[in-house]
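Nothing in this text is a laboratory measurement; each read-out follows from the coordinates by a stated rule. Keep in mind it's a predicted model, so treat the numbers as computed, not measured. Reconstructed Cβ throughout: ideal geometry from the backbone, glycine too, with neighbour counts over all protein chains shown.
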Amino acid sequence: MATFTTTYFEGSQSWPEWVKQRNAELMAQQPLRRRGARTPEFPFPKHLDNSRLVKASDPVRLRQMRAFSWAIAAFFALVMVYGLQHFSAIEGGYQVESEKQIRDQLREENRQLRLSEAQLTQPGRIDSMARQMGLLEPQPGQVIHPNGRPDAGTPAVAQVVPPAPAAR
């Protein structure tokens, strides 16, 4: 028995029909080719005792991991130092601005106090308040200064003070 194959050009089928037929043949063969399509799978528990197994140490890998850990630790330390400096600089800037605001407030308060002092120490204001209270101007000789300075209204006696000897 000889096999007879036909090609697209020799057969009576059109190209889309031939493709459709070929796809159908391939789809029919797929379940047969799939792994485990005919037998169902059941899980079986496997009791393995690995307690006697010991992992062999790898000195090269251990050295690499230590070097990597040190490099990461150094990098982390550098980042933390940079962060500390950066945030302390920012905090210092905030403190400077806060101190400037306090200084400006104190200057304004000082200006207000000086203005208030100038208003309160005006001789005309003090004189008018004293007259309202019934006070009069002091008479000559009535005011005695503790340091012995004579009153402006009292005559002063001139005194001669000998000059101090020059130091040699």
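For this structure, a couple of remarks:
- Label-to-label distance, residue 68 versus residue 54, with points set 7 angstrom from Cα along the beta-carbon direction: 2.6 nm.
- Local electrostatic count at residue 103 - Lys and Arg +1, Asp and Glu -1, tallied over other residues with Cβ under 14 Å: -2
- Along the axis of the charge dipole computed for the stretch 61-117 (Cβ charges of +1 for Lys and Arg, -1 for Asp and Glu, origin at the Cα centre), the listed residues 106, 81, 65 are led at the positive end by 65.
- Spacing of the modelled spin labels on residue 20 and residue 33, each 7 Å from Cα toward Cβ, amounts to 2.3 nm.
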